[in-house]
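Each reported figure results from applying straightforward, stated rules to the coordinates on display, with no laboratory input. Fair warning: this is a prediction, and the values are worked out from it, not measured in the lab. Cβ: placed from backbone, ideal geometry, glycine included. Neighbour counts: every protein chain shown.
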Amino acid sequence: MKITVVGAGAVGASCAEYIAIKNFASEVILLDIKEGYAEGKAMDLMQTASLNGFDTKITGITNDYSKTANSDVCVITSGIPRKPGMTREELISINAGIVKTVSSSLVQYSPNTIIIVVSNPMDTMAYLVHKSTNLPKHKIIGMGGALDSARFKYRLAEALGGPISDVDGMVIAGHSDTGMIPLTRLATRNGVPVSEFLSEERLNQVAEDTKVGGATLTKLLGTSAWYAPGAAVSAMVQAIACDTKKVFPCSALLEGEYGFNDICLGVPVVLGKKGIEEIINIKLNNAEVANMKESADGVQKVNDLLEL
């Protein structure tokens, strides 16, 4: 199992680290445009192998896509990160050109690969990869909902005063501060609806804190977060590599599902060796349907800025 991670910044390096530590891949290629940067990150990570007990080989490469040939899964993290006060959508003019070039280069050497898109604005970048490559739709996956759901569960556990392992919850729709929909109605603590433990007011606060989860960290750190995004990607890669059929909310190209067409939005999917093996249609209530439509409208406005 060969995994390529494009972009050796904080998110890309964390992603490579978590994949290596889980020890399910034979090789991780870490590629960056900055001379020597990926090589340095890879060397540093490899020097943790004996300490962390993994045998995965991590190789750093400077801008040579031929070394990524025959990758089973490719992860695109490249592009500029958010700065305080910047929305994910404001990144589009810069990151669209980067993502288009990167995805085309990856597919040139790995025509059968599965691509996971992390670069923001993520839903639009995933859509761009669909439009700029010939990969089947099930092989292009946007990482947003997996991260947002992890942040949702963190906030739920915080509100409940219990362990995160007790909590289950999901965030769907667009990966943006205003577009995401934390499904508080369906969230549970050991199978019991969280509404049995938390007031409507507290649940609404949990949802709002989840929506600004990325912005909160950007304000505190001065840049985008990296540990949780890296962990979210590694969990998705593991589900694909190990064919676990695990369900994640991911940005997928919709063709009639949830009433939408020709747009990438976060919905629950089954991940396995083929990539997206199934899109799960969950029944939404009227308010959630309205929020989904509003979120889709927001993503479409950003998509319209693309020069396809």
Extension gain, K34 back to A290 (0.36 nm per residue minus Cα-Cα distance, nm): 87.8 nm
Pop the C-beta distance of S104 and D297 into the FRET formula with R0 = 41 Å and round what comes out to the nearest 0.05. 0.90
What residue among M143, M122, M43 shows peak mean-square fluctuation when the chain is described by a Gaussian network model with Cα springs under 10 Å? M43
Taking the Cβ of F152 as the centre, find all other residues whose Cβ is under 12 Å away and add up their charges (Lys, Arg: +1; Asp, Glu: -1). -1
Full-extension gain between E201 and D243, please, as 0.36 nm times their residue separation minus the C-alpha to C-alpha distance. 11.2 nm
Just how far, in whole angstrom, is the range 1-73 from the range 262-279 if you go by their alpha carbon centroids? 25
Under 16 Å from the Cα of K245 - lysines, other chains or at least 8 residues apart: K139, K273, K274
Along the Cα→Cβ direction, 7 angstrom out, place labels at L220 and S93. What is the inter-label distance in nm? 3.2
